[in-house]
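Here's the structure, in structure tokens; my notes come after.
The values are calculated or read from the model by the stated rules, or taken from the named source; none is laboratory data. Note that the coordinates shown come from a computational prediction; the quantities given were computed from them, not determined experimentally. Note that we place each Cβ from the backbone using ideal geometry, even for glycine, and neighbour counts take in every protein chain shown. For the accessible areas, the whole protein counts, side chains as well, though only heavy atoms, and no ligand, DNA or RNA atoms are used. Shrake-Rupley method; radii C 1.70, N 1.55, O 1.52, S 1.80 Å.
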Amino acid sequence: MAWPVMLYVPNIIGYFRIACMWSSFYYAQSNYKLALVLYVLNFAGDLVDGFAARLFNQSSNYGATLDMVTDRVSTAGLCAYLAVLYPDDAFAYVSLIVIDVFSHWFHMYASAKTNQHHKDNQANFFLQWYYGCYPLFGYCCLAQEFYYLAKWILRFEPNVALPFGKWQTVSM
């Protein structure tokens, strides 16, 4: 008997990510430290779900969509919250949400039309370089999230010593 795709291990990790993300945004105003921990658990789940899909041979279109949508909603929610915390930068954060959603969804749509995985459809040189050089891809993803998380922390702890230097002077 085939295992239902909705119960694949990577998809269960995806549901855990959604619960962490949702809870993180719920607690963002009242308990920012708990919210940060929950958001980081959501982000860590993104590093694990693809590994689990390959390990258990449980890759699926449903799982790929769940992962991509969870990534986009997580980033959009975090940018929306940062727009609340930094109202002078709200337009920049909203612009980042728009760019993120449009670029990923158009790329996924184009890949679906050619029946390819979105990381395999590389007619564009930049995308070929971006997805083909995993250290670059990882650095870009991690740097973006760490920047957003640093901005979140610095809003509540402006004198905290982050290992990245004095970021409290950086603005968008």
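A quick yes/no check of all residues on (1) in a helix (DSSP H, G or I); (2) open to solvent by less than 50 Å² (accessible area, probe 1.4 Å); (3) at pLDDT 95 or above:
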position	(1), (2), (3)
11	yes, yes, yes
40	yes, no, yes
74	yes, yes, yes
102	yes, no, no
Give me the pairs, please: first residue somewhere in the range 1-20 and on the phi < 0 side of the Ramachandran plot, second residue anywhere and open to solvent by 50 Å² or more (accessible area, probe 1.4 Å) and in a helix (DSSP H, G or I), beta-carbon distance under 6 Å, and either six or more positions apart or on two chains. 5/62; 13/48; 20/41
Residue set 147, 93, 139; condition among the aromatic types (Phe, Trp, Tyr), under 30 Å from residue 8 (Cβ atoms) and either part of a helix (DSSP H, G or I) or modelled with pLDDT of 80 or more (or both); output residue 139
Only one of 32, 62, 27 is over 21 Å from residue 6 (Cβ atoms) and in contact (Cβ under 8 Å) with a residue 40 or more places away in the chain; which? 32
Only residues that are aliphatic (A, V, I, L, M) and at pLDDT below 70: list them for the range 104-127, please. 123
Looking at the range 157-166, is at least one residue modelled with pLDDT of 85 or more, out of contact with any strand residue (DSSP E or B) (no Cβ under 8 Å at 6 or more places or on another chain) and assigned to a helix (DSSP H, G or I)? no
One residue is enough: does the range 105-113 have a residue meeting the conditions outside any helix (DSSP H, G or I) and open to solvent by 80 Å² or more (accessible area, probe 1.4 Å)? no
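The rows are residues; the columns are (1) among the aromatic types (Phe, Trp, Tyr); (2) open to solvent by 80 Å² or more (accessible area, probe 1.4 Å); (3) touching a strand residue (DSSP E or B) at 6+ places or on another chain (Cβ under 7 Å).
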| position | (1), (2), (3) |
| --- | --- |
| 54 | no, yes, no |
| 60 | no, no, no |
| 64 | no, no, no |
| 68 | no, no, no |
| 79 | no, no, no |
| 86 | yes, no, no |
| 89 | no, no, no |
